């Protein structure tokens, strides 16, 4: 039996596709209510790991438990406990934002689907756009709607596979805030990303997956201690490109 504070536990996970070994004995633990960032370049095995944890793939060896359920022998219970948001927003462009949310709520056999939709639209700053077809949404709005849809049913564990790929700087910040809000509400978030700044801004713990293995796992402070301290010199602080961009265009919502 897992400790109460452990939401995800992986031991010795292996996966190959023919002669290609993608995962070579992955071990990791994720605490409940935390944001865990999994860093890695393309082909490192991040998406494969997420697919195994969400029961979309079967591992060749090793064990994995999510919300205290074994992904191999209790797949149904795992699916009821999780939500998966992939690299591209899985929304219906013909429907309005509100209709997308109502559809998912009904598919989950939840009562008061309209109220659930309205609450999530408000939570993700999409109320004004709720009656518009999703085809008119910007990329950031689609991603926020996708995240809102993943929260229907209040899953305790959410997998976000590179959630900000292709988004502009404003949209990325919106998604970052949404992810922080999820963890503050008690949701466990496992986030895969190639963006180092994303992991630095969001994660309680960070692991680096390289060639199918976890090569380091720790807090940001712990990872920084792996390198020698930098020589301290006075340097006038300059605005970042993100500061310049946001000061020029302003922070906008529902556009």
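A viscosity of 0.692 mPa s and a temperature of 37 °C, combined with the Kirkwood radius over Cα pairs in Stokes-Einstein, give a translational diffusion coefficient for the range 82-132 of 287 µm²/s.
For the range 116-156, what D do you get in µm² per second when you plug the Kirkwood radius from alpha-carbon pairs into Stokes-Einstein at 4 °C and 1.567 mPa s? Working shown, then result.
Details: Rh = 10.4 Å.
Translational D for this selection: 125 µm²/s.
For residue 6 and residue 109, a Förster radius of 22 Å and the Cβ-Cβ distance give a FRET efficiency of 0.15, rounded to the nearest 0.05.
Taking a point 7 Å from the Cα of residue 60 along the Cα-to-Cβ direction, the residues of the range 20-36 with backbone N closer than 17 Å to it are 20-27.
Can you give me the relative contact order of the chain as a percent, contacts being Cα pairs under 8 Å and 6 or more apart?
On the way: 459 pairs, mean separation 65.4, N = 255.
This gives 26 percent for the chain.
If the chain between residue 93 and residue 224 were fully stretched, how many nm would it gain, using 0.36 nm times the residue separation less the Cα-Cα distance? Don't skip to the end; give the middle numbers.
Details: separation 131, 0.36 × 131 = 47.16 nm, distance 4.30 nm.
Fully extending the segment from residue 93 to residue 224 adds 42.9 nm.
The calculated FRET efficiency for residue 122 paired with residue 216, based on their beta-carbon distance and R0 = 30 Å, is about 0.15. Our compactness index for the range 21-95, the C-alpha radius of gyration over the empirical 2.2 N^0.38 Å, is 1.21.
Simple spin-label estimate for residue 195 and residue 136 gives 2.7 nm between the two label positions (7 Å along the Cα-to-Cβ direction from each Cα). Normalised Debye scattering of the range 166-216 at q = 0.25 Å⁻¹ gives log10 I(q)/I(0) of -1.04, counting only Cα atoms as equal scatterers and leaving out solvent. Can you tell me which of 36, 17, 159 moves the most in a GNM of the chain? Springs connect C-alpha atoms under 10 Å apart. Looking only at 36, 17, 159, the biggest GNM fluctuation is shown by 17. The separation of the range 98-146 from the range 14-30, counted between C-alpha centres, amounts to 36 Å.
Values in this text are rule-based calculations from the coordinates and carry no lab data. Quick caveat: nothing in here was measured; it's all calculated off a predicted structure. Glycine gets a Cβ as well: all are built from the backbone with ideal geometry, and neighbour counts include every protein chain shown.
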